[in-house]
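Structure first, then comments.
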Amino acid sequence: MTVSYPSRPVVAVDTPEVRNFNFEFVYKFFTPDERVNEEGSVAPDILKKGSLNFDAGFLDKNNDIARYVKMSWTQVSLAGDFSIGTEFSANLSSRNEFIRVNQNKIYREEEFSNSGFTGMEFQDTGLDGKMYLLASGSLAKRLNSKNIQTARAINDQLEFLADSIDTNKVSLLDAAKYLAGEISSEDLPNQAIIDSLTDLGLSGAKFYDNDQIKERIDSTFEKLKRVKTRIRINNKILNTSLTTSATDPLGIFSDEIGPLLVKASEIQGEEISRSKPESIQESEFDIVVDPVYQRTSPKDTSFLPTRKHIGYIIDKFERAENGTLIKKSPIFIENSNTTSAFDIKIAYGSVYVYQIRAIYLLEFQTFSDDSEDMVVSAIMVSSAASPRLVAECVETVPPPPPQDVDIIWDSIEKAPVVMWNFPVNRQRDIKKFQVFRRSNINEPFFLHREFDFDDSVEPTDSLERVNINLTTRLKSPQNFWIDKSFKKDSSYIYTVCSVDAHGLTSNYGIQFEVKFDRFKNNIVKKLISNSGAPKPYPNMYLNADAFVDTIKDSNHTRMKIYFDPEYLSVIREGSKEEPFIGTKQKNTVYKMQFINVDFQQSEVLDIIINDLRTTKTKSLFKSSLDKISNFKAYIKK
Amino acid sequence: MGFLDHTTNNIILDAVLTDGGRRALSRNDGSFSFVKFALGDDEVDYTTIQKFGRVVGKEKIEKNTPVFEALTNQNFGQKFRNISVSNPNLVRLPILSLTGEGLTDNIVSLGATTTKTATLTTTQTIQDEDSVDVELRDQGFEISLNNDFLQLQGQVPDLIDGTKVATYLVRRDSIETSVGGSRVTFTLEVRSISSSQFTVFGTSSNKNLIRTFIKVRGVQSGAVKEFEVQINKNN
């Protein structure tokens, strides 16, 4: 019969964690050293302010701070916790920066343990990707299985048709008719064609965009990567437990546990070597703490252990390019009522990882090492850290196109000068201007000159590859360009774009066509397009009709008008029918003007569409084209 | 165009076409369209703030300043247009300074016979700042002068209005100042002025002297430099 010794007691502290920890990167304006300056472009007097002095609206309204990360969370609540005294003797309001000063005496909840145990915490920030792979893999398997079944069914049908043709020994034409007959049989009713034309959903078809599916799955698994797992393991079985988990092929933390195995093996070996199960040692039950302060304990039994929430610590790490985390100075919040904080010490383009811990002050009775008297000791304990948030400090707002584009004639250079202004851009990060030119609206724009006045200490690689011969490097912006290749018989369309310090480009600015008027000895400008046309579509806002509104015809005296719309109804997803066709019921009249160009006489005819559908037939109409007779068009002279 | 913000007044927006706008409209070729607008504060007397301070002065301006009616003459439509600047922390604006030939106490002396030209330079400067904001560095300058007496050598005016004021749009020099300010160099030239013109336009005390004024305005900064030109019949 085997005998087991009593297990060691486990000492643990459970303090409420911070919930709903979120962040937002705010980019206010450009500074040349934004990629290398982690101090934030802030006036020194603001930097001196403690966290307490930052209220929620301070930085939002402040225009001196170039960029910051704004973090928010829900205030922790102590209600409903274990029943200890709530009165707190220490008055901390007079102690400035209490947490910061005593930061080395803060015990983490997960490491608050007696000897013989090891606390660990796991968070897999790549868990969403793993789950996606697992889920998409099984999805693909299901789809493949479904596709095989469908292919088999189609093959069976084809074989059946081929046998039918062979059996009947008909000509190709007869075979075609036979097939037509087969297809229009009850196996494939006409209604199916109509359904397919109106709503494929009725035929059971569904369409998914691959990208959308990935996005949906990503968002589904997003919360998974915030899951943290905390364990406390007896050192005697530490390595054995972790090895089992690491070698599990489906273990979600196997890659996180792997690097810990060597250390775990050492701990387990040491623990077993000094283990004396036949005797009980003092260290197995005593906990030695380093208090932040001590005071005399009441002589009677009136003292109850007490706790108080006194603030927060936000741990900050910078993620290096190789993925390792570099620890940064934590942010101390010396106020338990605060629910937001700002980190202004960030460099643009860097990736920071944040996690927040609530800080509690616990008072309980202990024995003093010096006098062996009972005293009240206070220790600080931090809650388990919130899930880590990864803040990528990049902005994605493209600059507006240049404003006030104008073209003047330079009488000395005898060439047109394209001039423009900076657009109003609060980010103040425009660092390049591009001048484009084309001969007419049927041609694309060609870049003629790029003015690069980027004064960034570490410039961002451009998203566009520009011929180096077309780029002019400048110390200061230049807002004009002289087109010396312009001849007096030339006609060109000019426009300008702006590019910001992060490689984002604006749409085209206003487009002007320029010709030279020899009689006036000046240029003639014509507006071609307002600003805002995307770079791939320079004619999107063309200042002209896309289609000719007239039909030319000769030698006819009669005309038939057919009501033959491409679509009879347009239904927005999940809502009612869109007002698509103008009908009599909507007081809509289509007009057609006949102009006799010989006699300069004209006549206007009104064409009115009368919708004879009832509410019932309207619903049927969605899936049936044969109700077209319910529309009646008549001409009113 | 005028804008009234009085709750008691029914007129909210009063807009008319200027002569230039009517001319564009009369072409009837589809080219007439609004592409931008400008705001101006010609009515506002900012010395009110100097007199009464920001709080009271601002209130006095808001409540007591009459709003101009819309004017069809583009020359008087907006004399002082507002500018848009991205930097909310901007506290100082650049100004223009003038240097050049024949300049004394902001007066340029020219003659109708021998000293008919003078080369002048207008430079952007700024006080108590290290540099001019990039959005306020003028890339072009509008130079307005009386077309009867003066012209810019080698330049074609962009516009000559009904009051015979010629406006030239001139791009800046390639040289930049140490604070990033731009400059423009131009040569004033006296046109042929007849004796009868001297008789009509000469000063009351000296009919051999015509006084005329030139305005240089930075396109981006909106800064204005006005100076006097005296044309002497005998020089």
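The values are calculated or read from the model by the stated rules, or taken from the named source; none is laboratory data. What you see is a predicted model, and the numbers here were worked out from it, not measured in a lab. For neighbour counting, all protein chains shown are included, and Cβ atoms are generated from backbone atoms with ideal geometry for every residue, glycine included.
What the table below lists for this structure:
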| read-out | value |
| --- | --- |
| Selection count where residues are under 19 Å from A:Phe453 (Cβ atoms) and crowded, with 22+ Cβ neighbours inside 10 Å, scope segment B:116-137 | 5 |
| Residue match in segment B:62-71 (condition: within 14 Å of chain A (Cβ to nearest Cβ), more than 23 Å from B:Glu142 (Cβ to Cβ) and in contact with a Leu (Cβ under 9 Å, 6 or more places away or on another chain)) | no |
| Subset of segment A:468-481 that is closer than 15 Å to A:Asp454 by Cβ and polar (S, T, N, Q) - its residue that is nearest to the other protein chains (Cβ to nearest Cβ) | A:Ser476 |
| Selection within segment A:316-361 - under 30 Å from A:Val376 (Cα atoms) and part of a strand (DSSP E or B) | A:Pro330, A:Ile331, A:Phe332, A:Ile333, A:Ile356, A:Arg357, A:Ala358, A:Ile359, A:Tyr360, A:Leu361 |
| Flag if A:Tyr354 is of a type outside the set (A, V, I, L, M, F, W, C), more than 14 Å from chain B (Cβ to nearest Cβ), under 28 Å from the mean Cα position of the chain (by Cα) and under 30 Å from A:Phe451 (Cα atoms) | no |
| Residue, farthest from the other protein chains (Cβ to nearest Cβ), within segment B:140-175, restricted to residues that are crowded, with 21+ Cβ neighbours inside 10 Å and over 30 Å from B:Gln197 (Cβ atoms) | B:Arg172 |
| Answer residue from segment A:492-528, given it is closer than 14 Å to A:Glu450 by Cβ and hydroxyl-bearing (Ser, Thr, Tyr) and is surrounded by the fewest Cβ atoms within 10 Å (Cβ to Cβ) among those | A:Thr505 |
| Selection from segment A:241-256 of residues that are surrounded by 14 or more Cβ atoms within 10 Å (Cβ to Cβ) and either at pLDDT 80 or above or within 23 Å of A:Ala12 (Cα to Cα) (or both) | A:Ser241, A:Leu242, A:Thr243 |
| Inter-residue pairs, beta-carbon under 8 Å, first within 14 Å of another protein chain (Cβ to nearest Cβ) and buried (at least 22 other Cβ atoms within 10 Å of the Cβ) and in segment A:63-75, second part of a loop (DSSP other than H, G, I, E, B) and of a type in the set (Gly, Ala, Ser), 6+ apart | A:Ala66/A:Gly40; A:Ala66/A:Ser41 |
| Checking B:Ile214 against (1) at pLDDT 95 or above; (2) more than 30 Å from B:Arg23 (Cβ to Cβ), the condition it does not meet | (2) |
| Qualifying residue in segment B:110-121 (condition: more than 30 Å from B:Ser195 (Cβ to Cβ) and in contact (Cβ under 8 Å) with a residue 12 or more places away in the chain) | yes |
| Criterion violated by A:Asn521 - all others in (1) within 37 Å of the chain's Cα centre (by Cα); (2) within 14 Å of another protein chain (Cβ to nearest Cβ); (3) at positive phi satisfied | (1) |
| Failed item in (1) part of a loop (DSSP other than H, G, I, E, B); (2) more than 14 Å from chain B (Cβ to nearest Cβ); (3) of a type in the set (Phe, Trp, Tyr), with A:Tyr494 passing the rest | (1) |
| Residue match in segment B:144-165 (condition: small (Gly, Ala, Ser) and in contact (Cβ under 8 Å) with a residue 40 or more places away in the chain) | yes |
| The one condition in (1) under 43 Å from the mean Cα position of the chain (by Cα); (2) part of a loop (DSSP other than H, G, I, E, B); (3) modelled with pLDDT of 85 or more; (4) not hydrophobic (A, V, I, L, M, F, W, C) that A:Arg558 fails to fulfil | (1) |
| Per-region count, segment A:65-90, residues at pLDDT below 85 and not in a loop (DSSP other than H, G, I, E, B) | 1 |
| Segment A:517-544: number of residues that are of a type in the set (D, E, K, R) and in a strand (DSSP E or B) | 3 |
| Criterion violated by B:Gly111 - all others in (1) away from chain A (no Cβ under 14 Å); (2) within 17 Å of B:Val216 (Cα to Cα); (3) of a type outside the set (S, T, N, Q) satisfied | (2) |
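Conditions tested, residue by residue: (1) within 29 Å of the chain's Cα centre (by Cα); (2) modelled with pLDDT of 95 or more.
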residue	(1), (2)
A:Trp420	no, no
A:Pro423	yes, no
A:Gln427	yes, no
A:Phe433	yes, yes
A:Arg437	no, yes
A:Asn440	no, no
A:Pro444	no, no
A:Phe453	no, no
A:Val457	yes, no
